[in-house]
Amino acid sequence: MAKQSIFGRISTLMKANINALLDSAEDPQKMLDQLVRDYSNSIADAESAIAETIGNLRLLERDHQEDVQAATEWGNKALAASRKADQLRTAGNLADADKFDNLAKIALQRQISEENEARAIAPTIATQTEVVEKLKDGLNGMKGKLEQLKSKRSELLARAKTAEAQTKVHDAVRSIDVLDPTSELGRFEDKVRRQEALAAGKQELAASSIDAQFNQLEDVGELTEVEARLAALKSGAPAKAIDAGA
């Protein structure tokens, strides 16, 4: 009953704490840390309850030992009184012999009483001893579970951090996807293409302007030749013929 009541109460408490943590969990690490603290506190409660049970068992064992010792002492007293009675009876002192025989009987009655008490308490001691051993095993099991919980806590936190990092990497990769026309790189590439097109247009425009300037130079040359021939005509000099073979 003691084992069931101690671990039953702790089990109920732990279930309530775990359910409350799961219902309100926002930060996994805080939840796991609190779970470790609660389980550690439950172990401390179990240790206190088991220590009290062990203390009660030791008291029972002490009482039993005292009963056994008292029974032995009364038995020795009964034997001593009986021998004294025999000596007195041999010596012819019947009155004193009967007196010591009566003392022996009283001692034997006390011996029987102490033996009965020791016999009555023995099953309780045996039962409590078995309970204490089971409580110790249960406590060791709880301590083992606590170590497993701490180990699992570390594993789960590491997995949670890994999953969080993978999620961040995945989101980062998606945010810079060059195939996404709405991404920053897509817009930047479009801007570069427009700048390249503008530079090409200016280059083409500049080339057209140079050709026009050369054309103007040719026109100026023709006008200069005309002016020269006109001046020659006015001065009475014959016009220079164009050498067809030239």
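Multiply the residue gap between SER151 and ASP86 by 0.36 nm, knock off their C-alpha separation, and tell me the result in nm, one decimal place. It would help to have the intermediate numbers written out before the result.
Values: separation 65, 0.36 × 65 = 23.40 nm, distance 7.70 nm.
Stretched out fully, the SER151 to ASP86 stretch lengthens by 15.7 nm.
Taking 20 Å as the straight-line reach from the Cα of LYS202, the lysines in range (excluding those fewer than 8 positions away in the same chain) are LYS191. Partner lysines whose Cα lies under 23 Å from the Cα of LYS161, excluding those fewer than 8 positions away in the same chain, are identified as LYS30, LYS150, LYS152. Ligands, DNA and RNA aside, GLU115 has an accessible area near 70 Å² when probed at 1.4 Å. Counting protein heavy atoms only, the range 32-122 has 51 percent of its accessible area on carbon and sulfur, 1.4 angstrom probe.
Using 0.36 nm times the number of residues separating ALA199 and ILE125, minus their current alpha carbon distance, what extension gain do you get? Mind dumping the intermediate values first?
Values: separation 74, 0.36 × 74 = 26.64 nm, distance 10.29 nm.
That pair, ALA199 and ILE125, stretches by 16.4 nm at full extension.
Per residue, the range 21-171 exposes an accessible area of 66 Å² to a 1.4 Å probe, with every protein chain left in place. The Kirkwood radius of the range 69-128, taken over pairs of alpha-carbon atoms, gives through the Stokes-Einstein law at 25 °C and 0.890 mPa s a diffusion coefficient of 198 µm² s⁻¹.
The values are calculated or read from the model by the stated rules, or taken from the named source; none is laboratory data. Note that this is a predicted model, so its numbers are computed, not measured. Heavy atoms of the whole protein, side chains included, go into the accessibility calculation; ligands, DNA and RNA do not. Shrake-Rupley method; radii C 1.70, N 1.55, O 1.52, S 1.80 Å.
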